[in-house]
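Encoded as structure tokens, the structure appears first; notes follow it.
Laboratory data are not the source of any read-out in this text; all were calculated from the coordinates shown. Not measured: the values here are computed from a predicted model. We place every Cβ from the backbone using ideal geometry, glycine too, and count neighbours over all the protein chains shown.
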């Protein structure tokens, strides 16, 4: 049945964001897309507050929101269960400031189903960015993360990621230096 790849924009209109010929093509499922103005710093979520690309990374807002783990296991490099959205990291899966991939990561097959700790305060901006959700009946997509080192976001999923892709798919596993043939970006022109 083939490899499942499709040229950008060559699918039916139902694949476009609004199901019309004028809709945005390939929001998910072609390649993972690097995005700017967000990162994890040892599990803490940092973003700009107003989608302003002129804000230097050193000045990004540190939200009181973290991806905690259910276990402090630092052995191996496989999955360590689902992340917990929290007001602090109490169980870290690797050494702080370590950007390697040498320690466990966390995954939840549906980003909106992530458990929130008792001390976590919901954040409207993080909901708008599809980092958290008030309900599990929302767009699909898995969430992967590491709560150690600097991690930079990939969105959507690639053609080879299968059921883990979706508008809500967020990959926070990789350091700044990471590259792969299934990673691209969506350019934007700011005036």
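Can we say residue 66 is free of Cβ contacts under 8 Å to residues at least 60 places away in the same chain and surrounded by 14 or more Cβ atoms within 10 Å (Cβ to Cβ)? Judged against the criteria, residue 66 is not a match.
Out of the stretch 57-86, which residues are at negative phi, within 18 Å of the chain's Cα centre (by Cα) and part of a loop (DSSP other than H, G, I, E, B)?
60, 69, 78, 80, 82, 83
Take the conditions (1) assigned to a helix (DSSP H, G or I); (2) surrounded by fewer than 18 Cβ atoms within 10 Å (Cβ to Cβ); (3) touching a residue at least 40 places away in the same chain (Cβ under 8 Å); residue 161 misses just one of them, which is (2). Scanning the stretch 139-158 for residues that are assigned to a loop (DSSP other than H, G, I, E, B) and more than 21 Å from residue 30 (Cα to Cα) yields 146, 147, 148, 149.
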